[in-house]
Amino acid sequence: MLALFAIHSSNRFVHVTEVERGLACDCRCAECGEPVIARQGDVREHHFAHSSNAQPCASSYESDLHRFAKRVIVEAGGLAVSVNTAAARALGLGDDLGPCVLLTCPSIEEEAVVGNRRPDLLAATTTGVSVGIEVAYSSFCDLQKRRDYEDLCLPALEIDLQSFTPTAFNVGLVEHALLKDLACKSWLWPERLEAVELSPEPPADPPSVPAPQRHFLPEEIVEVRGRWISIKELPSGDIAIKVVRYDPDVVSVVRTVARQHSGQYRSAYFSWVIPRFRAKAARAQLRAIAAAV
Ligand SMILES: [Zn+2]
């Protein structure tokens, strides 16, 4: 396959239509690092060729498209998304939003590992919420991946780029799809609130405070018998409680408190997740235990 992308001397991952013609493109092969020539003739599809005339290196269009998409979002520092009520809450945004929100992300990491997921991008919004961003071309997130995001309480967005085949690739249109278009984006988690509210687990107490709050507490440590218990508020408003260093007695204290507050054990994270409508009470109880011993 012809190479459509290369690395510019500025280290930018570029498409062949973004650079000057010939050696003036100032690029090297993304696979082997050899200088390349941008061929932008009238007959063949525009592409990069090794300056030595060597055969083109094997490359994958799909991974190149991912890499390009990541560059665009990182450079823009955010993207427009559509938000349903559930997504707005998970993102710590108010309920009175229009259907389109510009998600500004002061920090965006590539290929960061979160639990057992590694989204293409992990963005932190101005409200301090982490959001996973997945770019999809030929393979899309399945139910298991959605469940992983649900378990992590990590809002995650999937961007569908399948219409941008190698011949249909156009820098401006791909940028528009990534940054401005809403139709190609869908939330992997949270799903629409209506679906969540129909779930078979009715809350034991009426949720008096519409959680989550805009500014959630990242982590609180309470100390019981010299051992630390971490209480982390998740973007959804639920809290995750875990014993930082294993101690059977302290684990048993946490288990007892968690069970009293409808906690569910997440073995992959060694933590108990307490639903948001019990979070305040569970936190207060742990603080009281810490103060008493
Ligand atoms: Zn090469």
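The values are calculated or read from the model by the stated rules, or taken from the named source; none is laboratory data. These numbers were taken from a predicted model, which means no experiment stands behind them. Ideal geometry is used to build each Cβ from the backbone, glycine not excepted, and the neighbour counts take in all protein chains shown.
Some observations on this one:
Here is a yes/no grid of residues against (1) in contact with a His (Cβ under 7 Å, 6 or more places away or on another chain); (2) modelled with pLDDT of 90 or more; (3) of a type in the set (A, V, I, L, M, F, W, C); (4) not assigned by TED's automatic domain parsing to the domain that holds L93:
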{"position": "S230", "(1), (2), (3), (4)": "no, no, no, yes"}
{"position": "A268", "(1), (2), (3), (4)": "no, no, yes, yes"}
{"position": "S271", "(1), (2), (3), (4)": "no, no, no, yes"}
{"position": "A282", "(1), (2), (3), (4)": "yes, yes, yes, yes"}
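- Condition check for T17: surrounded by fewer than 15 Cβ atoms within 10 Å (Cβ to Cβ), in contact (Cβ under 8 Å) with a residue 24 or more places away in the chain and not assigned by TED's automatic domain parsing to the domain that holds D181: yes
- No other residue among D181, D148 is surrounded by fewer than 19 Cβ atoms within 10 Å (Cβ to Cβ), in the same structural domain as E75 (by TED's automatic domain parsing) and either part of a helix (DSSP H, G or I) or in contact (Cβ under 8 Å) with a residue 40 or more places away in the chain (or both) apart from D181.
- Where C25 falls short, out of the listed (1) modelled with pLDDT under 95; (2) crowded, with 17+ Cβ neighbours inside 10 Å: (1)
- Answer residue from segment 25-75, given it is of a type in the set (D, E) and more than 15 Å from the ligand (Cβ to nearest atom) and is farthest from T165 (Cα to Cα) among those: D26
- Checklist (1) assigned by TED's automatic domain parsing to the domain that holds A123; (2) more than 24 Å from V135 (Cα to Cα); (3) at pLDDT 95 or above applied to V36, failing item: (1)
- Residue count for segment 85-122 satisfying the condition of being surrounded by 15 or more Cβ atoms within 10 Å (Cβ to Cβ), in contact with a helix residue (DSSP H, G or I) (Cβ under 8 Å, 6 or more places away or on another chain) and in contact (Cβ under 8 Å) with a residue 40 or more places away in the chain: 7.
- Residue within segment 34-41 that is loosely packed, with under 15 Cβ neighbours inside 10 Å and more than 30 Å from P119 (Cβ to Cβ) present: yes
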